[in-house]
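Okay, so here's the structure we're looking at.
The values are calculated or read from the model by the stated rules, or taken from the named source; none is laboratory data. The structure presented is a predicted model; accordingly, all values stated were derived computationally and were not measured. For neighbour counting, all protein chains shown are included, and Cβ atoms are generated from backbone atoms with ideal geometry for every residue, glycine included. Side chains are part of the model used for accessible areas, which takes the heavy atoms of the whole protein and leaves out ligands, DNA and RNA. Shrake-Rupley method; radii C 1.70, N 1.55, O 1.52, S 1.80 Å.
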Amino acid sequence: LMISASSIPSHSPRVVFRRINDECLLIPLTDNIADMDSLYRLNETGVFIWELIDGKLDIRGITARMAEEFDVDTSEAEKDILLFLEQVKDFLHFREQ
């Protein structure tokens, strides 16, 4: 799967996002049961990106928001986003517009 700037990510229904104490977690579901062995911890940047993923905004749009929010270069933001999406791709669906 090639992810490009025009790809539109959306959350998989097979994952839940939870804030537990000070941790933000992605918890995969298997037959609607939480798979605690495969949970993924999100850092602040990851949470920011995850919350922007709404099935409407493409990666270019997410990149622009992140560059603005964290006051970083667009190319740097895009690199971080693509790396993050690669790490959590099992929890996402992608479509091309």
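Things worth noting here:
- Complete set of residues in segment 1-59 that are free of Cβ contacts under 8 Å to residues at least 24 places away in the same chain, hydrophobic (A, V, I, L, M, F, W, C) and in a loop (DSSP other than H, G, I, E, B): Met2, Leu39
- Condition broken by Thr45, with the remaining ones in (1) modelled with pLDDT of 95 or more; (2) within 10 Å of the chain's Cα centre (by Cα) satisfied: (1)
- Which listed residue, of Phe70, Phe94, Phe84, is of a type outside the set (Val, Ile, Thr), touching a Ser or Thr at 6+ places or on another chain (Cβ under 9 Å) and open to solvent by less than 20 Å² (accessible area, probe 1.4 Å): Phe84
- Per the listing Ile27, Ile53, the residue uniquely open to solvent by less than 20 Å² (accessible area, probe 1.4 Å), within 22 Å of Ile3 (Cα to Cα) and not hydroxyl-bearing (Ser, Thr, Tyr) is Ile53.
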